[in-house]
Amino acid sequence: MTDSFFSPVSGLDLPRFAGVPSFMRLPHVPLDHPRLAEVQIGLIGAPWDGGTTNRPGPRHGPRQLRDASTMIRAVNGATRVAPFDLARCADLGDVAPNPGDLMDSLARIEAFYDRVVAAGIRPLTAGGDHLCTLPILRALAKARPVGLIQFDSHSDLNDVYFGTARYTHGTPFRRAVEEGLIDPSRYCLIGLRGTAFGHEDLDFAAATGIRIIPVAELHARGAAEVMAEARAIAGSGPTYVTYDIDFVDPAFAPGTGTPEVGGPTSWTALEVARGLRGLDIIGADLVEVSPPFDPAGNTAWLGVNLMFEMLCVLAERIASA
């Protein structure tokens, strides 16, 4: 269904190490481009980690993810989905954050995604730390609260850090629930594990009806059964997907600021992404890839494969509408 403009450059025509890198070798269509209105799925970089509380670096994630994504080909080898034939996809470029001002950066990100939403585009974002998701949700959920599926080893439902900090990469979904952006009855968090500061975040989840599936339960039940439950929780309404790379065991994804042992393999990481098929996904992100902790780029390579799986789900949904 796509014309040649929206077709990614093939590695059979130009070597993947050549040319200016864009996400998956798609055309670069900035927000002032004359063909923006034709884009259905927009791949976006959010190079900002102003919410990081310990090991910084995810601000460099989008650039490494873009470079790694030039290895992505046109057809999903497992599902046989060819997303670029199903939907018009483009690289919309990067949000321009303000690294010296957290609140201004949040406002800039929200304003960027307001324009994406106004153009009728479903965003697929490469972060950045997990606080990036909050302003994206502020743009996508202005009309109504949305469902949320979160793959993460941490809840990110904490309230306050250091006595006063309400906006960190450990608080975005607490704020999103409080702001009415997420329907907690349609919110499923998968992968929780590791040590904790306390249990206040879990108490909040229990009080608001958020379903948490710890990693031990994922290992015991398997990806297919867990994702069937996640789809049932999200239901048929609009749903956002957020995928923290630290969901994956650090043996497979060491390039992240807050790794937790005992996580899923790279295979299970792909399985749960494929388990999103059938949902009405209005947007998705892949966050917390931190190149300084994995200069070899294996974490980014896994990350762009996960983005491709989510892209396939988004494209199938658009094609079936």
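The values are calculated or read from the model by the stated rules, or taken from the named source; none is laboratory data. Just so it is clear, the structure is predicted and the values come from calculations on it, not from any experiment. Please note: Cβ atoms are built from the backbone with ideal geometry, for glycine as well, and neighbour counts cover all protein chains shown. The protein model used for the area step is the full one, side chains on, heavy atoms only, and it has no ligands, DNA or RNA in it. Shrake-Rupley method; radii C 1.70, N 1.55, O 1.52, S 1.80 Å.
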* the range 256-290 - residue that is farther than 16 Å from ALA315 by Cβ and β-branched (Val, Ile, Thr) and, of those, surrounded by the fewest Cβ atoms within 10 Å (Cβ to Cβ) -> VAL261
* Structure fact -> Taking the range 4-58 and the residues there that are of a type in the set (Asp, Glu) and touching a residue at least 12 places away in the same chain (Cβ under 8 Å), the one that is most open to solvent (accessible area, probe 1.4 Å) would be GLU38
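Residue-wise test of (1) among the polar types (S, T, N, Q); (2) in contact with a His (Cβ under 7 Å, 6 or more places away or on another chain); (3) outside any loop (DSSP other than H, G, I, E, B); (4) more than 19 Å from LEU131 (Cα to Cα).
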position: LEU218; (1), (2), (3), (4): no, no, yes, yes
position: THR242; (1), (2), (3), (4): yes, no, yes, no
position: ASP249; (1), (2), (3), (4): no, no, no, yes
position: PRO254; (1), (2), (3), (4): no, no, no, yes
position: ALA269; (1), (2), (3), (4): no, no, yes, yes
position: VAL272; (1), (2), (3), (4): no, no, yes, yes
position: ILE281; (1), (2), (3), (4): no, no, yes, yes
position: GLY303; (1), (2), (3), (4): no, no, yes, no
position: ILE318; (1), (2), (3), (4): no, no, yes, yes
* Asked: What residue, among those in the range 175-192 that are touching a residue at least 40 places away in the same chain (Cβ under 8 Å) and part of a helix (DSSP H, G or I), is farthest from VAL241 (Cα to Cα)?
  -> ARG175
* Per-region count, the range 287-301, residues free of Cβ contacts under 8 Å to residues at least 60 places away in the same chain, in a helix (DSSP H, G or I) and of a type in the set (A, V, I, L, M) -> 0
* Would you confirm whether any residue within the range 166-175 is among the hydroxyl-bearing types (Ser, Thr, Tyr), buried (at least 21 other Cβ atoms within 10 Å of the Cβ), over 23 Å from ASN54 (Cβ atoms) and modelled with pLDDT of 95 or more? => no
